[in-house]
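*Asks:* Starting off with a structure, shown below.
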Amino acid sequence: QVQLVESGGGLVQPGGSLRLSCEVSKFALDYYAIGWFRQAPGKEREAVSCISSSDSSTYYADSMKGRFTISKDNAKDVVYLQMSNLKPEDTAVYYCAANIERRRCGDIVRQYEYRYWGQGTQVTVSS
(Lines give C-alpha, C1' and ligand atoms only; values in the text may rest on other atoms or scores of the structure.)
Protein backbone atom coordinates (compact mmCIF):
# COMPACT_ATOMS: atom_id res chain seq x y z
CA GLN A 1 0.00 0.00 0.00
CA VAL A 2 1.32 3.42 -1.00
CA GLN A 3 0.31 6.39 1.12
CA LEU A 4 0.13 9.88 -0.35
CA VAL A 5 -0.75 13.18 1.35
CA GLU A 6 -1.20 16.45 -0.53
CA SER A 7 -0.74 19.90 0.97
CA GLY A 8 -0.15 23.50 -0.07
CA GLY A 9 -3.52 24.37 -1.55
CA GLY A 10 -5.31 27.60 -0.82
CA LEU A 11 -6.67 30.83 -2.25
CA VAL A 12 -4.56 32.74 -4.78
CA GLN A 13 -5.24 35.66 -7.11
CA PRO A 14 -5.16 35.26 -10.90
CA GLY A 15 -1.58 35.48 -12.14
CA GLY A 16 -0.25 34.28 -8.81
CA SER A 17 1.79 31.22 -7.93
CA LEU A 18 1.39 28.27 -5.61
CA ARG A 19 3.44 25.18 -4.80
CA LEU A 20 1.74 21.92 -3.93
CA SER A 21 3.47 19.09 -2.08
CA CYS A 22 2.79 15.37 -2.11
CA GLU A 23 4.35 13.30 0.65
CA VAL A 24 4.62 9.64 -0.29
CA SER A 25 5.54 6.39 1.41
CA LYS A 26 9.26 5.88 1.91
CA PHE A 27 11.04 4.54 -1.17
CA ALA A 28 7.93 4.95 -3.34
CA LEU A 29 9.69 7.52 -5.53
CA ASP A 30 12.30 4.89 -6.37
CA TYR A 31 9.70 2.54 -7.86
CA TYR A 32 6.64 4.39 -9.11
CA ALA A 33 5.77 7.19 -11.46
CA ILE A 34 3.86 9.88 -9.55
CA GLY A 35 1.12 11.92 -11.19
CA TRP A 36 -0.83 15.07 -10.36
CA PHE A 37 -4.50 15.25 -11.32
CA ARG A 38 -7.27 17.76 -10.74
CA GLN A 39 -11.05 17.80 -10.69
CA ALA A 40 -13.44 20.73 -10.60
CA PRO A 41 -17.08 20.32 -9.48
CA GLY A 42 -19.19 18.86 -12.26
CA LYS A 43 -16.17 18.14 -14.44
CA GLU A 44 -14.15 15.04 -15.20
CA ARG A 45 -10.85 14.43 -13.48
CA GLU A 46 -7.94 15.31 -15.73
CA ALA A 47 -4.22 14.61 -15.72
CA VAL A 48 -1.98 17.56 -14.94
CA SER A 49 1.57 16.24 -14.79
CA CYS A 50 3.71 13.20 -14.04
CA ILE A 51 7.28 12.53 -13.00
CA SER A 52 9.14 9.26 -13.56
CA SER A 53 11.08 7.28 -10.98
CA SER A 54 13.44 5.74 -13.53
CA ASP A 55 14.96 8.83 -15.15
CA SER A 56 12.97 11.80 -13.74
CA SER A 57 11.48 12.48 -17.16
CA THR A 58 8.19 14.37 -17.01
CA TYR A 59 4.81 14.70 -18.65
CA TYR A 60 2.59 17.79 -18.84
CA ALA A 61 -0.87 18.27 -20.23
CA ASP A 62 -0.78 20.77 -23.08
CA SER A 63 -2.63 23.43 -21.12
CA MET A 64 -0.08 23.21 -18.29
CA LYS A 65 3.11 23.49 -20.34
CA GLY A 66 5.04 26.64 -19.55
CA ARG A 67 3.05 27.33 -16.37
CA PHE A 68 3.42 24.23 -14.19
CA THR A 69 6.61 22.44 -13.14
CA ILE A 70 6.80 19.06 -11.44
CA SER A 71 9.81 17.97 -9.41
CA LYS A 72 10.74 15.53 -6.67
CA ASP A 73 13.08 15.08 -3.74
CA ASN A 74 13.71 11.39 -3.14
CA ALA A 75 15.52 12.05 0.13
CA LYS A 76 12.45 13.81 1.52
CA ASP A 77 9.92 11.50 -0.18
CA VAL A 78 8.12 14.50 -1.67
CA VAL A 79 6.82 15.42 -5.12
CA TYR A 80 6.14 19.08 -5.86
CA LEU A 81 3.92 20.87 -8.33
CA GLN A 82 4.94 24.49 -8.85
CA MET A 83 2.08 26.41 -10.43
CA SER A 84 2.59 29.85 -11.95
CA ASN A 85 0.42 32.35 -13.81
CA LEU A 86 -2.66 30.75 -12.31
CA LYS A 87 -6.03 31.29 -13.93
CA PRO A 88 -9.58 30.96 -12.56
CA GLU A 89 -10.02 27.81 -14.65
CA ASP A 90 -7.22 26.20 -12.61
CA THR A 91 -9.59 26.12 -9.63
CA ALA A 92 -10.03 22.48 -8.61
CA VAL A 93 -9.16 19.82 -6.08
CA TYR A 94 -5.66 18.61 -6.87
CA TYR A 95 -4.68 15.00 -6.23
CA CYS A 96 -1.41 13.11 -6.41
CA ALA A 97 -1.36 9.41 -7.22
CA ALA A 98 1.08 6.54 -7.69
CA ASN A 99 1.31 4.42 -10.82
CA ILE A 100 2.05 0.86 -9.70
CA GLU A 101 2.60 -0.39 -13.25
CA ARG A 102 5.12 2.12 -14.55
CA ARG A 103 8.34 3.77 -13.49
CA ARG A 104 8.36 6.11 -16.50
CA CYS A 105 5.47 8.42 -17.34
CA GLY A 106 5.62 8.20 -21.11
CA ASP A 107 3.61 10.41 -23.44
CA ILE A 108 0.14 9.28 -22.36
CA VAL A 109 -1.42 9.18 -18.89
CA ARG A 110 -3.76 6.25 -18.30
CA GLN A 111 -5.68 7.02 -15.12
CA TYR A 112 -6.57 3.39 -14.44
CA GLU A 113 -2.88 2.66 -13.88
CA TYR A 114 -2.84 4.99 -10.86
CA ARG A 115 -4.05 2.75 -8.04
CA TYR A 116 -3.16 4.81 -4.97
CA TRP A 117 -4.50 8.32 -4.38
CA GLY A 118 -4.15 11.07 -1.83
CA GLN A 119 -7.08 12.92 -0.26
CA GLY A 120 -6.66 16.03 -2.40
CA THR A 121 -5.99 19.69 -1.69
CA GLN A 122 -8.22 22.58 -2.79
CA VAL A 123 -6.80 25.28 -5.05
CA THR A 124 -8.98 28.35 -5.63
CA VAL A 125 -7.94 31.07 -8.07
CA SER A 126 -10.05 34.17 -7.60
CA SER A 127 -9.75 37.92 -7.22
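*Asks:* Ordering Val123, Val5 by how much accessible area each has at a 1.4 Å probe, largest first, what is the list?
*Replies:* Greatest to least solvent exposure: Val5, Val123.
*Asks:* Over the heavy atoms of Arg19, what accessible area does a 1.4 Å probe trace out, to the nearest 10 Å²?
*Replies:* 130 Å²
*Asks:* Find me the longest stretch of the chain that has none of the exposed GluC sites (Glu not before Pro), where exposed means in a DSSP loop (not H, G, I, E or B) with at most 14 other Cβ atoms within 10 Å.
*Replies:* 45-100
*Asks:* So who's got an amide H within less than 5 Å of the one on Arg115, skipping anything under 5 residues away but keeping other chains? H placed 1.01 Å off N, in plane.
*Replies:* Ala98, Ile100
*Asks:* Calculate, for the chain, the solvent-accessible area per residue in square angstrom, rolling a 1.4 angstrom probe over the heavy atoms of the protein chains.
*Replies:* 52 Å²
*Asks:* Can you give the percent of C-alpha pairs in region 54-117 whose distance is more than 13 Å?
*Replies:* Across region 54-117, Cα pairs with separations above 13 Å total 72 percent.
*Asks:* What are the lysines whose alpha-carbon lies under 27 Å from the alpha-carbon of Lys65, with same-chain residues fewer than 8 places away excluded?
*Replies:* By straight Cα distance, Lys65 reaches Lys43, Lys76, Lys87.
*Asks:* Still on this model: With the full set of protein chains in place, find how many percent of the accessible area of the chain is carbon and sulfur; take the probe as 1.4 Å.
*Replies:* 45 percent
*Asks:* Per 10 Å bin, what is the whole-percent P(r) computed from every C-alpha pair distance within region 1-76?
*Replies:* Result returned by the calculation: 16, 48, 31, 5.
*Asks:* Could you give me the percent of Cα pairs per 5 Å distance bin for the chain, shortest bin first, beginning at zero and ending with the bin that holds the maximum distance?
*Replies:* Taking every Cα pair in the chain, the percentages come to 2, 12, 24, 26, 20, 11, 4, 1, 0.
The values are calculated or read from the model by the stated rules, or taken from the named source; none is laboratory data. Owing to the predicted nature of the structure, the values given are computational and were not obtained by experimental measurement. Every residue, glycine among them, receives a Cβ derived from its backbone with ideal geometry; neighbour counts consider all protein chains shown. These accessible areas exclude ligands, DNA and RNA; they are computed on the full protein's heavy atoms, side chains included. Shrake-Rupley method; radii C 1.70, N 1.55, O 1.52, S 1.80 Å.
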